[in-house]
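Student: The structure's right below; bear with me while I get my questions together.
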Amino acid sequence: MAIDVRRAAVFHGPDAPSDDDLATCVHCGLCLNYCPTYRVTGLETESPRGRLYLMTQWTRGGLPFTRDLARHLDLCLGCRTCEAVCPSGVPYGRIIEHGRAELERVRKVDAKRTTATIVMRQVLKHPGRLRTLGALMRLAQAAGLTSLSAQGRQLPKLSEPFKPPAGNVARALGPTRFKVAFLTGCVMPILYARSHEASVQLLQVAGCEVHFPAAQRCCGALFAHNGDLKSARGLREHNERVFASDDYDFLVVNSAGCSSHLKDFYDGVGERTRDLFEFLAEVGLPPPRHEVRARVTYQDPCHLAHAQRIKRQPRELLSSVPGVELVEMPHADICCGSAGLYSALEPEMSRRILDEKMDSVLSVAPEQVVTANPGCQMQLEAGLKSRGRTDIPVRHAAELIAEAYF
Amino acid sequence: MGLGPRTLEKLRRAVGRDHVVWDAYDLVIFERDASITGALPDAIVYPANAEEVAAVLEIAAEQQLPVVPRGAGTGLSGGAVTLHGGLALSLARFRRIIEIDPKGRTALVEPGVVNYDLGLEAARHGLFYAPDPSSQKACTIGGNAAENSGGPHCLYYGVTTNHILGMEVVLSDGSVHWVGGEDPDQPGLDLLGVLVGSEGTLAVITKLRVKLLPTPEAVSTLMAAFPSIESASKAVSDVIGHGIVPAALEMMDKVTIGAVEAHYKAGYPTSAGAVLLVEVDGLTESARELTAAIEQILEMDEAFEIRVAEDPAERELLWAGRKGAIGALGHIKPNYYLHDGVVPRTRLPEVLREVGRIGEHYRLPVANVFHAGDGNLHPNILFDLREKGIMKKVEKAGEEMLRACIDAGGTLSGEHGIGLEKNAFMPWIFGPDDLAAMQAVKDVLDPSGRLNPGKIFPPAGQIEPKLIARSGVASEARWW
Ligand SMILES: Cc1cc2nc3c(=O)[nH]c(=O)nc-3n(C[C@H](O)[C@H](O)[C@H](O)COP(=O)(O)OP(=O)(O)OC[C@H]3O[C@@H](n4cnc5c(N)ncnc54)[C@H](O)[C@@H]3O)c2cc1C
Ligand code: SF4
Ligand code: SF4
C-alpha cells in the first residue's frame with residue numbers, strides 16, 4: 001500500500017493520544033533542561049517541547065512527514081524525564097510511542113531499523129532462541145548492530161544463565177508472608193543471572209514464596225518503545241493469561257523497563273505489578289546481617305524514576321545496609337543514553353549522553369555503581385570501560401543489598 | 001539582500017556548517033517562546049563565542065537582516081519571537097560556567113547557562129545566585145539579564161540587575177565591548193543599567209559576571225491558607241506593615257491551587273480561597289524569631305491553616321507547587337495569556353476583584369499566582385486556542401486587566417518584559433518625551449534597528465495582528 005507522506009498523521013488504537021492530550025503542552029519550556037538530547041545538542045528540535053510541537057503539527061496537518069521529522073523522533077530516548085517534570089501533565093510516553101508507531105507505518109523502510117525489528121521479533125518472542133549468548137551475538141552482528149562492540153559496549157561476560165528452582169517455586173526463608181510471581185524476562189536471565197539470583201534471595205528473606213510461571217515470555221516493552229505495537233500487544237495478551245493465576249498476590253519485577261510497561265499496559269496484571277524495590281520498601285526487610293563496606297552511587301533507571309516515580313525506595317534500601325556510603329552524583333536521574341535499543345540505533349547521540357553521564361559518575365569517585373535495569377547496567381559498564389575504569393563494577397542494586405544477608 | 005544561498009553559506013562559514021539551520025521543523029519550533037505570540041524566523045544560527053556572534057551580526061548588517069537573540073525561550077512576552085523574520089540567534093551553545101570565585105563571591109558565566117545549574121554549582125562553594133524566576137530550572141542567565149527577571153526571592157534580594165556586575169556584549173555592528181566591572185558601583189555612565197532589561201533590542205550578551213551570596217544559615221518556609229483573596233491580601237500588607245521584609249511572599253488563588261495540587265500534591269488545602277507562601281532566611285536564631293512573628297500576624301488575619309516546612313524535602317515541595325504553577329494551569333486549559341502588571345500593595349484586593357470581574361465578563365477562567373510582597377500580579381487568562389474567535393476575547397480581557405493595574409497607580413510589567421505583547425500599551429505610562437529618549441538610546445546602539453525589531457517600542461501606525469499568523473509552513477492547515 002502506498003502511503004501518502006503529506007497526509008496528517010493519525011494515531012491508532014484505544015489508548016491513542018487525542019488532540020487534547022497534545023494540547024496539554026502549554027509550551028512553558030520547563031522540561032528542556034531535563035532532556036538528555038537537548039542538554040547535549042542545545043537544539044529545540046531535540047527537546048520534548050520541540051518534539052511535541054512537531055507531532056502536534058504533524059497530526060494537525062500543518063507539517064508533512066519527512067526524513068527530518070523522523071530523525072527528531074528517532075533521537076528521543078523515550079526516557080520520559082520530561083513527563084516526570086512537566087507541570088502540565090503531558091502524557092509524553094504515550095504520545096511518543098504512538099508517534100513512533102505512525103512513523104514506522106509511513107517511513108520508507110530503513111535497513112538498520114528493519115533488521116533490528118526482525119531480530120527483536122525473532123529473538124525476544126521466542127525464548128528458546130535466546131538461550132545462548134552466541135546466538136544473540138551472531139544476530140546482533142547480522143543486524144548490523146556491531147556498534148554495540150564498536151563503542152565499547154560489549155555484552156557482559158557470561159556466567160551460567162539464571163534457572164528457576166525445581167518446581168518453579170522458591171520457598172520463603174522463615175514463615176511465608178506473601179506469595180509472589182517473578183518476571184524472569186527475556187535478556188536478564190542470560191546477561192545478568194546474578195541480578196535475578198540476588199533479587200529472588202531478597203524476596204525470600206522478606207518472607208515471599210516466589211513463583212516462576214513457566215509459560216511467561218518477554219513482556220513486550222522493547223517492541224512498544226520502538227513502535228511495534230502489534231507485537232507488543234501479542235506478547236501482552238499471552239502474558240496476561242499466564243499471570244492471571246490466583247496463586248500469588250503480586251508480580252514482582254526487577255527490571256525497570258519491564259515493570260513500567262506492565263503497569264502501563266497490562267490489564268488486571270498491571271495493578272498487581274510491583275517493582276522489586278517498591279515492593280521491598282513496602283513489606284520491609286529484616287535487619288541486615290553483615291556490613292558491606294562500599295562507596296556507591298546510584299543511577300536512576302528512567303523507567304523507574306520517571307515512568308514510575310520510584311526514587312526514594314532504592315536509595316533507602318541501599319542506605320539501610322551498614323557500611324554502605326551512598327553518594328549522589330549530579331543529575332543521577334537523567335538518562336545514561338542506553339534506552340533499550342537506542343544505544344545500538346543511535347550510537348553517536350548515545351555516546352554523547354553517556355560521556356556527560358561518566359563525568360557525573362566519576363565526579364563523586366564511587367567504588368561501585370548500582371542501578372536497577374539491565375540496559376542501564378550494560379551502558380554504564382561500557383562508559384566506565386571507555387574511561388579505562390573497569391575497576392568500578394556496575395551492578396544491580398539488589399546484588400549489593402543481598403550481600404548484607406548472605 | 002535577504003537570506004539567499006550566498007548569505008547562508010557565509011553564515012555557515014562563520015559558525016560552522018552544522019550550526020546554521022533552516023529546516024522547516026526547526027523554524028516552526030522557533031516561532032514561539034512560552035507566550036502565545038509567534039512568527040517564523042528565516043534561519044537559526046548557533047554561534048559558540050563572541051567572535052562568532054560578531055561575525056553573524058556583521059553578515060546580518062550587510063544583508064539588512066533582523067537578528068533576535070534567544071535563550072531558553074521561556075519568555076512570556078514574546079521577546080524571543082522573530083516578529084519580522086530574519087535570524088534567530090540561539091545562545092544554546094554558550095553553556096559554560098567559566099569560573100566561580102568563592103573569595104570574591106562572583107561567577108563568570110556564558111549567557112546560555114541555566115539559572116538553576118549555576119545555583120547547583122555555586123552551592124558547592126556554599127554560595128547561591130539570588131534571582132530565582134519560577135522558570136529557573138530552564139531559563140538562562142542571559143535571558144534573565146535581558147528581561148531583568150525577578151522571582152519570589154527578589155522581594156528581599158532585588159531583581160537581576162542588582163546581581164550583575166559586568167557583561168560582555170556585541171553590538172549590532174559586530175563590535176565587542178565589556179560594560180560594567182567587578183565592583184557594584186562603577187564610575188561613569190551606568191551603561192550596564194541600560195543594557196540589563198533591554199530585551200535583546202540593544203546588544204547580544206555573550207558573557208556575564210554575576211554576584212553570588214553566601215547561603216543563609218537557616219531558611220524557614222511556611223504555607224498559610226486563607227478563606228479568601230481579601231483576607232490573604234490583608235495579611236500581606238500586615239506582614240510588611242510590621243516592618244518585616246521576608247525573603248519571599250507569594251500568593252496563589254483557588255484556581256491555581258486546584259491545578260497545582262493535581263500535579264504536585266504540594267499540600268495546599270484545596271478548600272482555601274488563597275494560599276500564601278512565606279520564606280525567611282538568615283541566622284538560625286533570627287529566622288526562628290521572624291517565623292514566629294509572622295505566624296502570629298497570619299493567625300490574626302484569619303489564616304485557617306499554617307504549616308512550617310519541617311525539612312528541606314517539604315520546603316522543596318511547597319516551592320515546587322509555586323514554581324510549577326503556570327505550567328500546571330495546563331490541567332485546566334491548554335493555553336494561558338499572562339500579564340504581569342504591578343500595583344501598590346495596598347490596592348491588591350480591589351484590583352484582584354476587578355480582574356475577577358473582567359474574567360467573568362468575558363467568561364474566561366482566570367488564575368492568579370504572583371509575587372504578592374511587591375504587588376506584582378500574574379493574572380493568567382486560561383483558554384483553548386483551538387476555539388474559534390477566542391483570541392479576540394482573550395486579548396480584550398488582558399488589556400482591560402492591565403488597564404485596571406495602571407488605573408490603580410501601577411505599571412505594565414514587573415518582570416516579564418514588554419516584548420511584543422505590551423509594547424502597544426507603552427504610551428499608557430510613558431509620554432512622547434520619555435519614548436523619544438528611549439528611542440534615542442536605541443538609535444545610538446542599534447542605528448539600523450535590526451536587533452529584535454518590533455519589541456518594547458510601540459509599533460508605528462497600525463498594530464500588527466499579534467497572534468501566530470506569519471507562519472509560512474502550510475499555514476492554511478494550521479489551527480491559527
Ligand atoms: C513557567 C514560567 C514561569 C516564569 N516565572 C518567571 C518569574 O518568576 N519571573 C520572571 O521574571 N520571569 C518569569 N518567567 C519568564 C521567563 O522565564 C523569563 O523572562 C526568563 O528570564 C527568560 O529567559 P530565557 O532564557 O528563556 O530567554 P528567552 O525567552 O529566550 O528570551 C527572552 C528575551 O531575552 C532576549 N535574550 C535572551 N538571551 C539573550 C542574550 N544572551 N543577549 C541579549 N538578549 C537575549 C531575547 O531576545 C528575548 O527578548 C517565567 C516563564 C515561565 C514559562
Ligand atoms: S511538555 Fe510540559 S514542561 Fe515541556 S513545554 Fe510542554 S507543558 Fe511545558
Ligand atoms: S523522553 Fe527523554 S529524550 Fe525524549 S523528549 Fe523526553 S526527556 Fe527528551
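The values are calculated or read from the model by the stated rules, or taken from the named source; none is laboratory data. If you're wondering where the values come from, they're calculated on a predicted model, not measured in any experiment. FYI the Cβ positions are ideal-geometry reconstructions off the backbone, even for glycines, and counts take in every protein chain you see. These area figures cover heavy atoms from the full protein model, side chains too; ligands, DNA and RNA do not enter into them. Shrake-Rupley method; radii C 1.70, N 1.55, O 1.52, S 1.80 Å.
Student: Which condition number does residue B:27 fail, the rest of (1) within 14 Å of chain A (Cβ to nearest Cβ); (2) more than 10 Å from ligand 1 (Cβ to nearest atom); (3) surrounded by 24 or more Cβ atoms within 10 Å (Cβ to Cβ); (4) more than 19 Å from residue B:203 (Cβ to Cβ) being met?
Tutor: Going through (1) within 14 Å of chain A (Cβ to nearest Cβ); (2) more than 10 Å from ligand 1 (Cβ to nearest atom); (3) surrounded by 24 or more Cβ atoms within 10 Å (Cβ to Cβ); (4) more than 19 Å from residue B:203 (Cβ to Cβ) one by one, residue B:27 breaks only (3).
Student: Let me ask something else. Can you pull out every residue in the range A:64-87 that is more than 16 Å from ligand 1 (Cβ to nearest atom) and in contact with a His (Cβ under 9 Å, 6 or more places away or on another chain)?
Tutor: Within the range A:64-87, A:78, A:79, A:80, A:81, A:83, A:84 meet the criteria.
Student: Next question. Just to be sure before I move on: is residue A:362 at pLDDT 95 or above, open to solvent by 10 Å² or more (accessible area, probe 1.4 Å) and hydrophobic (A, V, I, L, M, F, W, C) in the structure I sent?
Tutor: yes
Student: Next question, about the same structure. Going residue by residue through the range A:77-84, is there one that turns out to be among the β-branched types (Val, Ile, Thr), more than 11 Å from ligand 3 (Cβ to nearest atom) and crowded, with 22+ Cβ neighbours inside 10 Å?
Tutor: Among the residues of the range A:77-84, not one is among the β-branched types (Val, Ile, Thr), more than 11 Å from ligand 3 (Cβ to nearest atom) and crowded, with 22+ Cβ neighbours inside 10 Å, which makes the answer no.
Student: Right, next: Look through B:338, B:352 and report the one residue that is within 14 Å of chain A (Cβ to nearest Cβ), within 19 Å of residue B:402 (Cβ to Cβ) and among the hydrophobic types (A, V, I, L, M, F, W, C).
Tutor: Details: B:352 fails: within 14 Å of chain A (Cβ to nearest Cβ).
Answer to the selection: B:338.
Student: Every residue in the range B:418-451 that is touching a Lys or Arg at 6+ places or on another chain (Cβ under 8 Å) and either among the acidic types (Asp, Glu) or in a loop (DSSP other than H, G, I, E, B) (or both), please. Outline the logic, then answer.
Tutor: Our first condition is that a residue be touching a Lys or Arg at 6+ places or on another chain (Cβ under 8 Å); within the range B:418-451, this holds for B:418-421, B:423, B:428, B:449.
Passing the criteria: B:418, B:419, B:420, B:421, B:449.
Student: Filter the range B:51-69 for residues that are under 21 Å from residue B:115 (Cβ atoms) and either open to solvent by 10 Å² or more (accessible area, probe 1.4 Å) or out of contact with any Pro (no Cβ under 8 Å at 6 or more places or on another chain) (or both) and give the result.
Tutor: B:69
Student: Before we move on, is residue A:39 modelled with pLDDT of 95 or more, in contact with a helix residue (DSSP H, G or I) (Cβ under 7 Å, 6 or more places away or on another chain) and more than 8 Å from every other protein chain (Cβ to nearest Cβ)?
Tutor: Here the answer is no, as residue A:39 does not meet what is asked.
Student: Further, regarding this structure: Just give me the residues in the range A:253-278 being touching a strand residue (DSSP E or B) at 6+ places or on another chain (Cβ under 6 Å), farther than 20 Å from residue A:186 by Cβ and surrounded by 24 or more Cβ atoms within 10 Å (Cβ to Cβ), in sequence order.
Tutor: Result: no residue meets the conditions.
Student: For residue A:66, only one of the following conditions fails: (1) more than 7 Å from chain B (Cβ to nearest Cβ); (2) among the polar types (S, T, N, Q); (3) free of Cβ contacts under 8 Å to residues at least 60 places away in the same chain; (4) more than 10 Å from ligand 3 (Cβ to nearest atom). What is its number?
Tutor: Among (1) more than 7 Å from chain B (Cβ to nearest Cβ); (2) among the polar types (S, T, N, Q); (3) free of Cβ contacts under 8 Å to residues at least 60 places away in the same chain; (4) more than 10 Å from ligand 3 (Cβ to nearest atom), the lone unmet condition for residue A:66 is (3).
Student: Tally the residues that are within 15 Å of residue B:167 (Cβ to Cβ), facing chain A (nearest Cβ under 10 Å) and of a type in the set (Gly, Ala, Ser), restricting the search to the range B:112-156.
Tutor: Matching residues across the range B:112-156 total 1.
Student: Something else now. Tell me which of these residue B:389 doesn't satisfy, since it passes every other one: (1) under 30 Å from residue A:19 (Cβ atoms); (2) small (Gly, Ala, Ser); (3) in contact with a Lys or Arg (Cβ under 6 Å, 6 or more places away or on another chain).
Tutor: (3)
Results for (1) among the charged types (D, E, K, R); (2) modelled with pLDDT of 95 or more; (3) on the phi > 0 side of the Ramachandran plot, shown as yes or no for each residue.
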position: B:130; (1), (2), (3): no, yes, no
position: B:142; (1), (2), (3): no, yes, no
position: B:148; (1), (2), (3): no, yes, yes
position: B:152; (1), (2), (3): no, no, no
position: B:188; (1), (2), (3): no, no, yes
position: B:205; (1), (2), (3): no, yes, no
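Student: Being within 11 Å of chain B (Cβ to nearest Cβ) and either open to solvent by less than 20 Å² (accessible area, probe 1.4 Å) or more than 16 Å from ligand 1 (Cβ to nearest atom) (or both) is the filter here; which residues of the range A:88-103 pass it?
Tutor: A:88, A:90
Student: Out of all the residues in the range A:42-59, which are more than 7 Å from every other protein chain (Cβ to nearest Cβ) and aromatic (Phe, Trp, Tyr)?
Tutor: The one that is more than 7 Å from every other protein chain (Cβ to nearest Cβ) and aromatic (Phe, Trp, Tyr): A:58.
Student: Here's a follow-up. Is it the case that residue A:261 is more than 14 Å from chain B (Cβ to nearest Cβ), within 16 Å of ligand 3 (Cβ to nearest atom) and closer than 19 Å to residue A:215 by Cβ? Steps first, answer last, please.
Tutor: Values: more than 14 Å from chain B (Cβ to nearest Cβ): yes; within 16 Å of ligand 3 (Cβ to nearest atom): yes; closer than 19 Å to residue A:215 by Cβ: yes.
When the stated conditions are applied, residue A:261 passes them.
Student: Pairs only if they're at least six apart or on different chains, beta carbon under 8 angstrom, first in the range A:22-42 and in contact (Cβ under 8 Å) with a residue 24 or more places away in the chain and within 10 Å of ligand 2 (Cβ to nearest atom), second aromatic (Phe, Trp, Tyr) and not in a loop (DSSP other than H, G, I, E, B); list them, first residue then second.
Tutor: Listed pairs, sorted by first residue: A:25/A:53; A:26/B:336; A:27/A:53.
Student: Take the residues in the range B:70-114 that are free of Cβ contacts under 8 Å to residues at least 12 places away in the same chain and not in a loop (DSSP other than H, G, I, E, B), then tell me which one is most open to solvent (accessible area, probe 1.4 Å).
Tutor: Restricting to residues being free of Cβ contacts under 8 Å to residues at least 12 places away in the same chain and not in a loop (DSSP other than H, G, I, E, B), the top hit is B:99.
Student: When both residues are 6+ apart or on different chains and their Cβ atoms are under 7 Å apart, which pairs have a first residue that lies in the range B:443-459 and is touching a residue at least 40 places away in the same chain (Cβ under 8 Å), and a second that is in a loop (DSSP other than H, G, I, E, B) and of a type in the set (D, E, K, R)?
Tutor: Matching pairs, first to second residue: B:452/B:199; B:455/B:199; B:456/B:199.
Student: Among the residues in the range B:399-410, are any buried (at least 18 other Cβ atoms within 10 Å of the Cβ) and assigned to a loop (DSSP other than H, G, I, E, B)?
Tutor: Yes, that holds for at least one residue.
Student: Return the only residue of B:303, B:287, B:262, B:266 being in contact with a Gly (Cβ under 6 Å, 6 or more places away or on another chain), aliphatic (A, V, I, L, M) and crowded, with 16+ Cβ neighbours inside 10 Å.
Tutor: Working: B:303 fails: in contact with a Gly (Cβ under 6 Å, 6 or more places away or on another chain); B:287 fails: in contact with a Gly (Cβ under 6 Å, 6 or more places away or on another chain); B:262 fails: in contact with a Gly (Cβ under 6 Å, 6 or more places away or on another chain).
Criteria check complete, one pass: B:266.
Student: Find the helices (runs of 4 or more DSSP H) located wholly in the range B:225-315 whose residues include 3 or more that are within 14 Å of chain A (Cβ to nearest Cβ) and at pLDDT below 95, and list them.
Tutor: Answer list for the range B:225-315: B:254-264.
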